[in-house]
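Remarks on the structure that follows.
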Amino acid sequence: ILAGSWSGRSGGGFNIAFTITDSATVIHGTGTITPPGQAALNMTVSGTRVDTTFSLSLINSQFISAFYTGVLHAGQLSGVLNNSGFSNETLIMTSP
């Protein structure tokens, strides 16, 4: 139910976009994370889903992985970013 392309901007101004597959609760994909005023960084996305609740790792080999946890609600991914410099930073993502 999460498969597709998603994008959003965190409370701290990071632009995040990814395309993921959802295979019976296992999530995989690729995307980019763009810090404010900097170039985009490629990342891989992996994680799990239980019903509409998700837990994703955003992985770039140059940095400690960030974690995005939340829920699919009303066609949006709504959650928080943690780790790798994030601390409960709000991120709402939409699918075009």
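The values are calculated or read from the model by the stated rules, or taken from the named source; none is laboratory data. These numbers come from a predicted model, not from an experiment. Ideal geometry is used to build each Cβ from the backbone, glycine not excepted, and the neighbour counts take in all protein chains shown. Note: accessible area is taken over every heavy atom of the protein model, side chains too, but ligands, DNA and RNA are not part of it. Shrake-Rupley method; radii C 1.70, N 1.55, O 1.52, S 1.80 Å.
List of remarks:
- Within region 39-87, if we keep just the residues that are more than 17 Å from residue 11 (Cα to Cα) and of a type in the set (Phe, Trp, Tyr), the residue that is modelled with the lowest pLDDT turns out to be 63.
- Single unsatisfied condition, residue 18 versus (1) modelled with pLDDT under 95; (2) within 16 Å of residue 4 (Cα to Cα): (1)
- Of the residues making up region 1-21, those that are in a strand (DSSP E or B) and open to solvent by 30 Å² or more (accessible area, probe 1.4 Å) are 5, 7, 9, 15, 17, 19, 21.
- Inside region 77-94, residues that are within 12 Å of the chain's Cα centre (by Cα) and either free of Cβ contacts under 8 Å to residues at least 24 places away in the same chain or open to solvent by 50 Å² or more (accessible area, probe 1.4 Å) (or both) make up a count of 6.
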